[in-house]
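Reading through the structure tokens given below for one structure.
Laboratory data are not the source of any read-out in this text; all were calculated from the coordinates shown. None of the values given here were measured: they were computed from a predicted structure. So basically every Cβ, Gly included, is an ideal-geometry build from the backbone, and we count neighbours across all protein chains shown.
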Amino acid sequence: MQKDLDDRVANNESDDAILAAYVTQYGPTVLVEPPKRGFDLLAWAMPIAMPLLALVLIWYVVRSWRKKANLAPAGGLPVDAEFLARAQREAGKGAVE
């Protein structure tokens, strides 16, 4: 391939003619970058589209998890209102001192 390229350059063929000959002979895989048309356009779109799609999917899943999350009341014995008021008063005294 390198020898063929050297011969074509020595014969003063244009870059476009050499490129077209290689694409005809070997197909579009010989190109460094895929053409920006048809199915090959996906090769250009995927690096941008896939991360965006992943972010949207993560956002949707987290949002649905947050909607489903309900706080359960603490279990145990009920606390008497008098006891709770006394505890709050004593906690307030300790904070002031």
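Values computed for the structure shown
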read-out: Nitroxide proxy distance, nm - points 7 Å out along Cα→Cβ at VAL79 and ASP16; value: 8.3 nm
read-out: Highest-MSF residue in the chain out of GLY76, GLY38, GLY27 [GNM, Cα springs under 10 Å]; value: GLY76
read-out: Unit charges at the beta carbon, dipole of the chain: most positive-side option, GLN25, ALA81, ASN12; value: ALA81
read-out: Length added when fully stretched, TRP65-GLN2, from 0.36 nm per residue minus Cα-Cα; value: 16.8 nm
read-out: Contour excess over end-to-end distance, with Cα ends at ARG89 and VAL30 and 0.36 nm allotted per residue; value: 13.1 nm
read-out: CD proxy at 222 nm, helix term only [per DSSP H run n ≥ 4: -39500 (n - 2.57); per residue of the chain; nearest 500]; value: -22500 deg cm²/dmol
read-out: Segment 1-79, dipole about Cα centre (Lys/Arg Cβ +1, Asp/Glu Cβ -1), debye to the nearest 20; value: 1160 debye
read-out: Selected from ALA49, ALA87, ALA21 as most flexible by GNM, with the chain as the system and alpha-carbon contacts under 10 Å; value: ALA87
